[in-house]
1. Counting partner chain Cβ atoms within 10 Å of every residue's Cβ in B:86-97, what's the average?
2. Rounded, prolate or oblate: which fits segment B:254-391 when a ≥ b ≥ c are the square roots of the eigenvalues of the alpha-carbon gyration tensor, with rounded for a/c under 1.5 and prolate only if a/b beats b/c?
3. Most exposed first by the Cβ proxy, i.e. fewest other Cβ within 10 Å, how do C:Ser14, C:Ser68 rank?
4. Sort B:115-127, B:161-173, C:290-302, C:198-210 by packing, meaning the average of other beta carbons within 10 Å per residue, with the highest value first.
5. Quick one: order B:Phe92, B:Phe131 by neighbouring beta-carbon count within 10 Å, fewest to most.
6. Among C:Leu88, C:Leu266, which comes first, second and so on when ranked by fewest other beta-carbon atoms within 10 Å?
7. Of A:Asp258, A:Asp241, A:Asp274, which is the most mobile in a GNM of chain A whose springs link Cα atoms less than 10 angstrom apart?
8. Cα gyration tensor of the protein assembly as shown, axes a ≥ b ≥ c as square roots of the eigenvalues: rounded (a/c below 1.5), prolate (a/b > b/c) or oblate?
Amino acid sequence: MFRIRFHGRGGQGIKLGARALGSAFFAEGFEVQDAPRYGAERRGAPIAAYVRAGRAPIHERGPIREADLVVVADESLIPVATAGVLEGIAPASVLLVNGLTSAETWRERLRLRGPIATLPPAPASAGAPPAGSACAGAAARLVGAISRAALEGALREEVAPLGARAVEASVALALHAFDLMAPHAGSVVEGEAPRLAALPSPNWIDLPRELPDVAAPDVFASATSVEVRTGLWRTARPVLDPDRCHRCSWICSSFCPDGAISAGAEGLPAFDYDHCKGCLVCVAVCPSHAIRAVAEADAEGPREAAR
Amino acid sequence: MSRRLLTGNAAAAWGARLARIDYAPAFPITPQTEILEALGGWIEAGELDAKLVLLESEHSMIAAAGAAAATGVRVFTATSSQGLLYGMEMVFTVSGWRAPFVLVNVSRGLATPITLEPDHTDVLAARDSGFLQIHCATSQEVLDSVLLAYRFGEDPRVRLPVIVNLDGFHLSFTREPVEIPTPEAVDAFLPPFDAGAVRFRASHPVSQAVAVLGSGPYSYFRYETHLAAQGALCVYDEAAAAFARACGREWPAVEAYRCDDAELAFFLIGSLATRARDAVDRLREAGVRAGLVRPRLLRPYPAAAIARALEGVLAVAVVDQNLSMGKGGVLHAELASALWGAPGAPRALVSFIGGLGGRSVTLEEFREMAEIALRAGREGRTPPPRLLYTAEELREVRKLQAIAHGERAALATEGRS
Amino acid sequence: MSETRFQRMNDLPSTHLLGGGTAMCAGCGGLQALQLVYDVLGAKTLFVNAAGCMTLLSIYPFTPFRGSWLYTAMACAPAGAQGARDALDLLVAKGRMPKQEDLSVVVLAGDGASYGMGLSSTSAAIDRGLDFLYVCYDNEGYGNTGQQASPATPPGARTATDGSASGVARPKKDLFGLWVANRPTYVATASGAEPLDLARKVEKAASLRGPRLLLVHAPCPTGWGFEPAEMAEIGRLAVASGVWPLKEWERDTGRVIHTKVRRPRLPVEEYLSRQGRFRHLFEPARNEPVLADIQSGVDAYWDAAG
């Protein structure tokens, strides 16, 4: 059975990509199971989706821990521990990364022994989130069991609700990615069924009875949400040009949904990049155009402040 | 201490009064309404320093009760039947808040068809909610159980809301002698509610009942509520011992009446128990070694105490005044699971469905149930569940059906002419 | 409003109480408004929440609040507020809690709860004269479940449940009018796009007792189909086109006052055409009858308002 895990950000079409791959497998006569990770996904937040495909009926369910192919639709997610991109990667697992960084760089940085394929990011297109379609196309070629025609048919079926223009754009993206992956065609090897004897003990414990002040879902502290680094959602960040800033001190700060802009004593706004989600409302509202958007990949300084 | 004639409803109100409740969110529903009227009268007269607020539904009433308890005051409320079900989302919700308060449920059968008569299907719908449940047989027990409920529900090891259940009509509207404990005795037994850290104060921010993501925290919090409910068994026993010292009455988690040498035991809850005791006495006179086992606590389920009471009993006649559609009696199923594999467990558990919609169970029916159960025990063959329903009852229904269908037929005839 | 401490734009707070790191979408108009609401109310606030997007503000063990929070259910947040308010009052009255430990009780609910499932408990809380502020972030649909139509969804909008060529075919429910008819203490609409107006209304609401509503327009990039960066502009256009009137009503005066009136109003098209939920009114061909209906509905409102 093929076990394939997709990683991306809310809004990048990951669920759609996984479904397209699942439908393509199905069209090729495979038994298929696909599912997005269920949770409170938000645009920009790390999300995952799963595809299983095999010749026999599939009885496994739920998240895929050990994947034969890990598809990363946004390379900025790889260092994000909570995204779990590298979880359960075995020596034989293939890693597909959508991004500009080279496979050699990833191999060195991540000390991975398995095959790594990279896919140059596609430009935004009409109505369809590009990463999902491109990743579906690339993944289809990597598994080697899906024809170009089956891929195209699956894309047409899955993207149809988004309209005709989106369908054409998605198909083009997917087929282009499919062709680009020709050198790696069929590099994904179907994983074996787990051997019972090799599995570790489940390590059960007896849950102790605890008092209600710890055993109820109550938070006895202020603003603990700051521990959550929603700065990781960002694909672009606001950057201030202090020379153009009028120090009006309220506009950008008042319009920031996340309270991530505060004005210091001088009246100059300071950005909290730990929590700024990159909505860029501040860029839009600043009357003196003193705030510009800088792609996260080009930004100086860390995505989040050092701990 | 004074002795008075009180209905079950009045006894419930007296329990709340003696517990010095702070707050009573309310909504009227028959046959419970008397309770809140009594409380309202005492508050008006200055005899009870509490606030009664009439909400617009039981859903809101239970939300208000939970929120007030989560803020740190002692709360009492009451409902019945459809009201309990209307509030059911909040019944399940507030127990997870670990907000302790007492809800008196006056049991009444559920629609459809709508009825005012009692049975236990309403309160058993709440059995998986996290509310603890005490089931009462007499007005005295109602008053005392309200006090016990506060003591063990508010215990920091428990902190769960408690339902005190009494049967509509059979208890709610029936007067019988009740000893009213003195306020001094009650105060010695029941300390003021101490909410500890789980309460709202400006100086101590707390976000209560927040969402979780993932099964790890969810399983933990849910199972902790279960562990607290299970742990409430020994907290109850402590409370019952303290109550006996303060007020002189014993309220064990499980009543075992003449069970020591019993060959046959009835197993049931609620006010039918007094009639069952009477049946046991008559059967004993007739030479049948009969007894009665009546769990007062249904949540937490006192499995060990029940198994102990039934040890050596040959056969049990379980009388369920409730109906789980497509399965049968709830008490029977729970008893079977509690006794499976227990040493000295009875050889037969025979299921009887009786008391639906207020139907009384007669003495001859107790005698018949005893015979059937004993036969099953001796022969090792258990008969299928039996609905207590007579040929006369069906004949009466047939008459009603004739009218119901006859009228329709007559109208149809008129329509054609 | 001469007594307001918000005379000028730079009287608005420049640091914020609500913690960052919440799960709301990037560019959430409701969260932007809540920032200001919380800054003006202060931390001595107990938010009683009904099921909706903002239920996910607090996900164990993370909360953005510096005061208190209680999640109830979708239908009964005002009843939860009743229980908490009464309990706090009882504790103070009985001398079991110092007055300075008191909290103001605020219901925080979306339009799904406020216009629909929670209306019964809201109406009853007003009937009882409950001392609470109700903050509704109105993103005009069941946003947390994928933008199905709620009674707050405006005419013409396409939702996950209204896929027809002309979108939702009935008018938006008048929650402001429903509240006024119940005669509470104070009822106001507001928008995060007009922060000074919003701050003044929060300030006024906080100075009053009894049932009070703040109905806040909450542009939703995810559900309405616009880029997150455009959130403030969408909010501004809603006000400037007259689609979202800024107004308040006090029981003491019994009159509806429009607090900010744009003359001349922008055509509603300028607001509608920026959002994916109205795109079908412009593409592939303009749906003139529906556009005219929406414009005349807005015109009729303002004609009646005088």
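1. The per-residue average across the peptide is 3.
2. rounded
3. C:Ser14, C:Ser68
4. B:161-173, B:115-127, C:198-210, C:290-302
5. Ordered from fewest to most neighbouring Cβ atoms within 10 Å, B:Phe92, B:Phe131 come out as B:Phe92, B:Phe131.
6. With the fewest neighbours first, C:Leu88, C:Leu266 line up as C:Leu266, C:Leu88.
7. Of the options given, A:Asp241 has the highest mean-square fluctuation.
8. Because a/c hits 1.5 or more and a/b exceeds b/c, the protein assembly as shown counts as prolate.
Just so you know, all these numbers are worked out from the coordinates, no wet-lab data involved. Values in this document were obtained by computation on a predicted structure and should not be read as measured data. FYI the Cβ positions are ideal-geometry reconstructions off the backbone, even for glycines, and counts take in every protein chain you see.
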